[in-house]
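This report concerns only the one structure given below.
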Amino acid sequence: MFINFTNHPSAKWSSEQREAAETYGEIRDMPFPDVEPDGDEEYVSRLAEQYVTEILASRPAAVLCQGEMTLSFAVADALRREGITVLAACSERATAEKAGANGETIKTIEFRFVRFRKYCFASI
């Protein structure tokens, strides 16, 4: 199983991204939670424990973990220690600007999936 622990539902992914995820198994979306900005480290630690427990219960082969940085790090680190492959989606960003009908600037951004990359943990 491949768990998509992000705020980007797999139904909206490109065929390339879906195919890359499916090499790990069936895709299961698990929405990344909102993380309160005034929450302290203990708050983040409790959230991480909650989601890691839920993720491990699914016995995934891999987890795509992207969201608020401190929670992403805590979840990725805990999953790595449990032997789970933790990934980030790598994409190419293409931007374009054009003038709108009223002279305003309209900027469009397109992200093109390139690959998944394993989380790296320094061994300093």
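The figures follow:
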| quantity | calculated |
| --- | --- |
| Looking only at the range 1-46, and only at residues there that are touching a residue at least 40 places away in the same chain (Cβ under 8 Å) and farther than 20 Å from A61 by Cβ, the one that is nearest to the chain's Cα centre (by Cα) | N7 |
| Enumeration of residues in the range 77-106 that are without any contact (Cβ under 8 Å) to a residue 24 or more places away in the chain and of a type in the set (V, I, T) | T95, T105, I106 |
| Qualifying residue in the range 59-72 (condition: of a type in the set (D, E) and touching a strand residue (DSSP E or B) at 6+ places or on another chain (Cβ under 9 Å)) | no |
| Residue in the range 29-45 that is in contact with a Pro (Cβ under 9 Å, 6 or more places away or on another chain), farther than 16 Å from F121 by Cβ and of a type in the set (F, W, Y) present | no |
| Index of the failed condition, L47 passing every other in (1) surrounded by 11 or more Cβ atoms within 10 Å (Cβ to Cβ); (2) under 25 Å from F111 (Cβ atoms); (3) aliphatic (A, V, I, L, M) | (2) |
| Any hit, the range 25-41, residues being within 21 Å of S91 (Cβ to Cβ) and assigned to a helix (DSSP H, G or I) | no |
| Test: residue in the range 50-63 that is touching a residue at least 24 places away in the same chain (Cβ under 8 Å), outside any helix (DSSP H, G or I), under 15 Å from K118 (Cα atoms) and of a type in the set (S, T, Y) | no |
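All of the numbers you see were taken from the coordinates with simple rules; none came from a lab. This one's a predicted model, so the numbers in the text were calculated from it and none came from an experiment. Note: ideal-geometry Cβ built from the backbone for every residue, glycine included; neighbour counts use all protein chains shown.
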